[in-house]
Amino acid sequence: MPHAILLLNGPNLNLLGQRQPEIYGATTLADVEADSVEFGRTLDLTVTAKQSNWEGQLVDWIQQARQEAAGIVINPGAYSHTSVAILDALNAFDGPVIEVHISQIHKREAFRHHSYVSHRADTVIAGAGVHGYRLALRHMAETLA
Ligand code: DHK
């Protein structure tokens, strides 16, 4: 039985490929999402990909995942550094949580060094570019095996 995985991307990640490509790369979110679904299939994971710029929408989807997903891969974008609400929602989720940052946040501005989501995440991947999503899915598959 494939495991259902929720892949969540937060604010401004809809602009992947257009926004600061020197930091976030040239790949679009549509490409990342399609690749994650495909790659997930090879790992026996059914990946559902969602993106929102709205904190409350992300909280709603994380709450929904309590019934619908075995694990969550999340790039919370800037909400990593601000959102106790997203942390609280993730704390109400029982399965594995993997936090992905495309950039190496610890090499960047000091305000990006702290992530509220990291207080809950079982695994944190930063600085691997969009390949970080594949790394997360591979690790998720091993964790759930
Ligand atoms: C994406 C963002 O939008 C930033 O606000 C974070 C993260 C870093 C990333 O590297 O994917 O600080």
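What to note about this one:
- One residue alone among Ile105, Ile5 is closer than 18 Å to Ile125 by Cα and under 11 Å from the mean Cα position of the chain (by Cα), and that residue is Ile5.
- Residue match in region 60-74 (condition: hydrophobic (A, V, I, L, M, F, W, C), over 12 Å from the mean Cα position of the chain (by Cα) and closer than 14 Å to Pro11 by Cβ): yes
- Residue check for Val124: modelled with pLDDT of 95 or more, in a strand (DSSP E or B) and open to solvent by 40 Å² or more (accessible area, probe 1.4 Å): yes
- Cross-chain or 6+ apart pairs with Cβ under 9 Å, region 1-19 first and at pLDDT below 95, then open to solvent by 60 Å² or more (accessible area, probe 1.4 Å): Met1/Asp44; Pro2/Arg41; Pro2/Asp44; Pro2/Thr46
Per-residue answers, yes or no, for (1) aliphatic (A, V, I, L, M); (2) closer than 23 Å to Met1 by Cα:
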site: Gly56; (1), (2): no, no
site: Arg66; (1), (2): no, yes
site: Tyr79; (1), (2): no, no
site: Ile86; (1), (2): yes, no
site: Pro96; (1), (2): no, yes
site: Glu109; (1), (2): no, no
site: Ala126; (1), (2): yes, no
site: Leu137; (1), (2): yes, yes
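- Residue within region 101-111 that is within 12 Å of the ligand (Cβ to nearest atom), touching a residue at least 24 places away in the same chain (Cβ under 8 Å) and in contact with a Leu (Cβ under 9 Å, 6 or more places away or on another chain) present: yes
- Residue in region 59-72 that is within 14 Å of the ligand (Cβ to nearest atom) and at pLDDT 95 or above present: no
- Candidates Ser118, Ser83, filtered to the one that is among the polar types (S, T, N, Q) and crowded, with 21+ Cβ neighbours inside 10 Å: Ser83
The values are calculated or read from the model by the stated rules, or taken from the named source; none is laboratory data. Only a predicted model underlies this, so the values are computations on that prediction, with no experimental measurement involved. Here Cβ is always computed from backbone atoms with ideal geometry, including for glycine, and neighbour counts include all displayed protein chains. Each accessible area value is taken on the protein alone, full model and side chains, heavy atoms only, with ligands, DNA and RNA left out. Shrake-Rupley method; radii C 1.70, N 1.55, O 1.52, S 1.80 Å.
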